[in-house]
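Worksheet: the structure to be examined is printed underneath.
The values are calculated or read from the model by the stated rules, or taken from the named source; none is laboratory data. In this text, all values refer to a predicted model and were calculated from it rather than measured experimentally. Here the Cβ positions follow ideal geometry from the backbone for every residue, glycine too, while neighbour counts run over all protein chains shown.
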Amino acid sequence: MKVLVPVKRVIDYNVKVRVKADGSGVDLANVKMSMNPFDEIAVEEAIRLKEKGVATEIVAVSIGVKQATETLRTALAMGADRAILVEASEDVHADIEPLAVAKILKAIVEEEEPGLVICGKQAIDNDMNATGQMLAALLGWSQATFASEVAVEGENAVVTREVDGGLQTIKVKLPAIVTADLRLNEPRYASLPNIMKAKKKPLDAKSPADYGVDVSPRLEVVKTSEPAERKAGVMVGSVDELVAKLKDEAGVL
Amino acid sequence: MTVLLLAEVNKGELAVDATAKAVTAAAQLGEVTALCAGAHAAAAGEAAAKLDGVSKVLVAEDPSLDHRLAEATAALIVSLADGYDHIVAPATTDAKNVMPRVAALLDVMVISDVSGIVDADTFERPIYAGNAVQTVKSKDAKKVLTIRTSTFDAAGDGGSAPVETVAAPDGPALAEWVEDKVAASDRPELTSAGVVVSGGRGVGSEEDFKLIEALADKLGAAVGASRAAVDSGYAPNDWQVGQTGKVVAPELYIAIGISGAIQHLAGMKDSKVIVAINKDEDAPIFQVADYGLVADLFQAVPELTEKV
C-alpha cells in the first residue's frame, strides 16, 4: 500500500513570532523555517507503517514556495521514498488556503492512488486544522482525525482519536485520511548518511496549473495585529500573601 | 441573514455551555436555527429550544449520527445548508472534525476558531498559537465557522423555540464507532469551569499530580495540564490546555510547575486572574501571571490547599 504524506513548511516551533508593524502579516523574512511538527509526526507514522511491512512506498508532497524543497528533503531523509513539490507561490508570506491545498492533493491522490493519506492535524502557522478533513470530503473518503494510535487491519484502519472527553476509537474503511495528533509517535531525527541519500531521491516539481486548480484565496486578510497584552503582575513572597491577594484584591476566592 | 448552528450533543444530551456560547456569536450574524443530531437528540433539542437567541430547533435522530461520526454528520448539515448564510459550531473536537468537511463539500473555506465577529463576512481569529490575531473577510457565498467559545458569554435561557424533526440523508457507512475511553469525573468541565488548576512537567509524576487534583477539589475547580505533563503520562490527554489542546478562560487559572511555553499560553492567557507557582523565577509563565510565587510546589501546593 502506498502512503501519501503532505508536509508544510512553517515558521520553526521555537521562533518568537513578530507581527509586522504595518499590520500586513507576520514577519517571515530571514526567520528559521521547519517542517510543521504535526507533519513530522505524520511522516514518522508512515515510515513505521513501512517498517511493519504495511506500507510499500511513501510519497511526501508539499504545496507552497520553492523553498519547501528543503522540507521535502527532510521528509526524504527521515525515510520517505520520493517527493512532489507543487510550487503555488513565489511569495514566502503567501499562505495557500487548506481548500486549495486539498484540491491539489485530491488531484495527486487520483494520480498516485495511495491506500492511506496521513496529514498533520493542523499547521502551527494558520492553526486552521482543516486540510485533512477537506481532502477526505473532496475524495468522498472517511476520515480519522486527531489520531494517537493507528493500526491497519486488512481493509480497515482502526484509529484512536484524542477528543474533548478523552479517547475515541473508530474503524474506517480504506482508503482513508488520518490526521496526526501530538502523541501518535515521536519523530526520528534524520541521520547524516540518510540526509546525503535524500539528495538523490526523486523530487518532482509541479504547479497548481498541472492539476487545474485555482489557488486564489477565498479569505482576504484584512489585517494582522498583536494580541491584547496582559499587564505585568506582582510577585508574592508566601502562600499566605497569595491567599490574601486572591481574597481581598482579586476577589476570586 | 440566517444561521444554522450545529449544537454540541454528547450521548443525547446538549452540552449547554459550549452551545450557548456559540449561540451568542451566531446571534450576532442573524436568526439562529440550532441543529441537534445524534442517535438520540430529542432531549438535546428541547434544551436547545430554551436558549435565548435560538429561533428554531431541528432534531435529526438516526443511528448513522451516533458518536458524531464526521461523514454522516457533514452529509446531514450539507443536506440542510440551502437557505442559510452561515453554518456555525462551537470549536470543540467534534466540530473541528466535522466543519472543514462541510465547508469542502460546499466548496467554501472554513474559518476556524473565530474569536471575534466584525460583520457578516469579517471575522477575527488567533493564528501562530495566539501570537497574532488575523482579521479575514470571506468572499464565499456561505460562511462555515467554528467559534472559540472562551471569548463569548453564554446565552441565557428563557426561550421557547419551535422544534422540528429532519431526516438524515442516506449514505455509505465509511466509518464505525468502536469505543470511547472517557474518565468519569465529578469535577467541572475544563472549558466551562470558573477555576482551573493546571500542572506541568515540574509536578514530576502521575502520583504527585494528586497534589494538583487535591487543590482543584478544594476549590471546586477543573484540572488542566501542560503538554509536557500529558506527554510524560502524568495526566490524560483531555486535560491538555494550549494551542492544540483546550482553550480556557476561567475567572482564576492556577499554573503549577508550568514553565509557560507559548503553546501553553495560547490556551489560557485570556483567563481573568492568573496565578503561577514555579521554583524557577525566570519561568516565562510569570510574565503573564497576575500573581507569581517562586516556591517549591511540593510545599506550596499542600499549604495552599489547606489555606484556601
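Among the candidates A:Ala157, A:Ala137, A:Ala147, the residue that is outside any loop (DSSP other than H, G, I, E, B), more than 11 Å from chain B (Cβ to nearest Cβ) and closer than 30 Å to B:Asp107 by Cβ is uniquely A:Ala147. The number of residues in the range A:238-253 that are more than 8 Å from chain B (Cβ to nearest Cβ) and either of a type outside the set (D, E, K, R) or not in a helix (DSSP H, G or I) (or both) comes to 2. Filtering the range A:1-51 to residues that are of a type in the set (Ser, Thr, Tyr) and either within 19 Å of A:Ala180 (Cα to Cα) or within 10 Å of chain B (Cβ to nearest Cβ) (or both) leaves A:Tyr13, A:Ser34. State all residues of the range B:67-103 that are more than 8 Å from chain A (Cβ to nearest Cβ) and modelled with pLDDT under 95; if no residue qualifies, say none. Scanning the range B:67-103 gives B:Arg68, B:Gly83. Take the conditions within 10 Å of chain A (Cβ to nearest Cβ) and closer than 23 Å to B:Ala18 by Cβ and apply them to B:Lys142. Does it pass? When the stated conditions are applied, B:Lys142 does not pass them. Looking for something in the same structural domain as B:Asp17 (by TED's automatic domain parsing) and more than 28 Å from B:Lys50 (Cβ to Cβ) - is there at least one such residue anywhere in the range B:83-97? No, because not a single residue in the range B:83-97 is in the same structural domain as B:Asp17 (by TED's automatic domain parsing) and more than 28 Å from B:Lys50 (Cβ to Cβ).
Among the residues of the range A:191-215, the one identified as farther than 28 Å from A:Glu90 by Cα and of a type in the set (Gly, Ala, Ser) is A:Ser191. Between A:Leu167, A:Leu192, the distinction of being surrounded by fewer than 23 Cβ atoms within 10 Å (Cβ to Cβ), without any contact (Cβ under 8 Å) to a residue 40 or more places away in the chain and facing chain B (nearest Cβ under 7 Å) belongs to A:Leu167 only.
Scanning the range A:64-92 for residues that are acidic (Asp, Glu) and over 11 Å from A:Lys8 (Cα atoms) gives A:Asp81, A:Glu87, A:Glu90, A:Asp91. Scanning the range A:142-155 for residues that are crowded, with 22+ Cβ neighbours inside 10 Å and over 15 Å from A:Arg183 (Cβ atoms) yields a total of 2.
Counting only strands (runs of 3 or more DSSP E) that sit wholly inside the range B:55-143, those with at least 3 residues that are buried (at least 21 other Cβ atoms within 10 Å of the Cβ) and without any contact (Cβ under 8 Å) to a residue 24 or more places away in the chain are B:122-127. Within the range A:200-212, not a single residue is assigned to a loop (DSSP other than H, G, I, E, B), touching a residue at least 12 places away in the same chain (Cβ under 8 Å) and either within 14 Å of chain B (Cβ to nearest Cβ) or hydrophobic (A, V, I, L, M, F, W, C) (or both).
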